[in-house]
Amino acid sequence: MVLKRAKRVKRYFVVVLSGLILLSMAWSGPFLLLKPNQAYADNLTAAKLIPALQAELSQVEADEAIAKKQLTDAQAQSTSLSRDINVLTARIKAAQLDIKAKNLLIQSLGNDINIKEKHISDLGAHIDKGKQSLADLLRKTKELDSYSMPEVLLSQSSISGFFT
C-alpha cells in the first residue's frame with residue numbers, strides 16, 4: 001500500500017515537473033524568433049557589443065557546465081522523490097541556460113551579419129564610383145578620337161600653335 005502510494009506521488013511529481021519544463025519551453029519559444037534589441041545595439045558600437053556578447057556567452061556556458069555537474073550529482077544520489085525533483089530542476093536549469101546561450105549566439109551572429117552588410121554596401125558604392133570614373137574616361141576618349149588631324153590643325157590660329 002505504501003509502495004503504491006509512493007509510486008503514485010512520484011508519478012505525480014514527474015508529470016508536474018514535465019509540465020513545468022514544457023511550459024517554460026513554450027514560454028521562451030516565441031522570444032527566440034524576436035530580433036535583437038535594436039536600442040541596445042544602437043547604443044553600443046559593434047566593436048564593443050561583440051566582446052560583451054562573447055563574455056556573456058562564456059559566463060552562460062560556464063553556468064551551464066555547473067548546472068550539468070549538479071545534474072550529474074543529483075542523479076548519483078540515492079533513489080528518492082527529492083532526488084527526482086532535484087534531477088528535473090537541474091534539467092530545467094540546464095535547458096534554460098542552453099536556450100540563453102543560443103540566444104546570445106544568435107544575437108552575436110546577427111550583429112556580424114549587420115557589419116558585413118554595411119561593408120558590402122560600402123564596397124558597392126566604391127564599385128559604382130569606379131564605374132562612373134571609367135564611363136567619364138571612355139566618354140572623353142571618344143570625344144578626343146572624334147577629331148580628325150585636319151580639324152586639329154585648322155582649329156589653331158597658326159601652325160606653330162599646333163606644336164606648342
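The values are calculated or read from the model by the stated rules, or taken from the named source; none is laboratory data. Remember, it's a predicted structure, so these values are computed and weren't measured experimentally. In this analysis, Cβ positions are derived from the backbone assuming ideal geometry, glycine residues included, and neighbour counts consider all displayed protein chains.
Listed values, structure above:
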{"read-out": "Near pairs, Cβ below 8 angstrom, 6+ apart or cross-chain, from the range 101-120 (on the phi < 0 side of the Ramachandran plot and of a type outside the set (Val, Ile, Thr)) to any residue that is outside any helix (DSSP H, G or I) and surrounded by fewer than 15 Cβ atoms within 10 Å (Cβ to Cβ)", "value": "Gly110/Lys35"}
{"read-out": "Scope the range 115-149; condition within 32 Å of the chain's Cα centre (by Cα) and either closer than 30 Å to Ala65 by Cβ or β-branched (Val, Ile, Thr) (or both); matching residues", "value": "Ile115, Ile120, Ile127"}
{"read-out": "Pick from the range 134-163, criterion surrounded by 10 or more Cβ atoms within 10 Å (Cβ to Cβ) and of a type in the set (S, T, N, Q), ranking: modelled with the highest pLDDT", "value": "Thr141"}
{"read-out": "Residues that are surrounded by 15 or more Cβ atoms within 10 Å (Cβ to Cβ) and either farther than 18 Å from Pro51 by Cβ or polar (S, T, N, Q) (or both), drawn from the range 101-111", "value": "Asn103, Gln107, Ser108, Asn111"}
{"read-out": "Boolean, Ala76 is at pLDDT below 90, out of contact with any Ser or Thr (no Cβ under 8 Å at 6 or more places or on another chain) and of a type in the set (Gly, Ala, Ser)", "value": "yes"}
